[in-house]
């Protein structure tokens, strides 16, 4: 077997309407696909070649801040962090800088972690 790309990253959520408000209004993502309805569904956001999905369709799949983490590359790191702080989003880790990037970890309304990331040029 040869894996050729990451198809998608998905987070379980408890309240799809609340989660969509966070991902669409706070993070500014645009919906590409919706399965189900506004109460129980699967929502995808295409970001360049990747896809980030949220869903509450599988009752056994529970949110966890100890689960996987999606890293979202932003155009302007300082502006993104400022916007998130103004929106009252919890910054769990950082911001901090490495040799190759700047990043901070935030949490969504279900406490799933998301990395806000900016590669150094």
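Below is a table of values for the structure above.
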| item | result |
| --- | --- |
| Residue in segment 33-42 that is within 16 Å of the chain's Cα centre (by Cα), surrounded by 13 or more Cβ atoms within 10 Å (Cβ to Cβ) and closer than 30 Å to residue 120 by Cα present | no |
| Scope segment 92-102; condition without any contact (Cβ under 8 Å) to a residue 24 or more places away in the chain and touching a helix residue (DSSP H, G or I) at 6+ places or on another chain (Cβ under 7 Å); matching residues | 95 |
| Odd one out for residue 30, checked against (1) touching a strand residue (DSSP E or B) at 6+ places or on another chain (Cβ under 7 Å); (2) without any contact (Cβ under 8 Å) to a residue 40 or more places away in the chain; (3) surrounded by 11 or more Cβ atoms within 10 Å (Cβ to Cβ); (4) farther than 16 Å from residue 11 by Cβ | (3) |
| Where residue 82 falls short, out of the listed (1) touching a strand residue (DSSP E or B) at 6+ places or on another chain (Cβ under 9 Å); (2) farther than 16 Å from residue 113 by Cα; (3) free of Cβ contacts under 8 Å to residues at least 40 places away in the same chain | (1) |
| Residue match in segment 65-73 (condition: touching a strand residue (DSSP E or B) at 6+ places or on another chain (Cβ under 7 Å), over 20 Å from residue 50 (Cα atoms), at pLDDT below 95 and surrounded by 11 or more Cβ atoms within 10 Å (Cβ to Cβ)) | yes |
| Residue 58 loosely packed, with under 14 Cβ neighbours inside 10 Å and more than 23 Å from residue 21 (Cβ to Cβ) | no |
| Pairs where the first residue, in segment 54-68, is in contact (Cβ under 8 Å) with a residue 40 or more places away in the chain and the second is surrounded by fewer than 10 Cβ atoms within 10 Å (Cβ to Cβ), C-beta under 9 Å, 6+ apart | 56/39 |
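The values are calculated or read from the model by the stated rules, or taken from the named source; none is laboratory data. Source: prediction; values computed, not measured. Ideal geometry is used to build each Cβ from the backbone, glycine not excepted, and the neighbour counts take in all protein chains shown.
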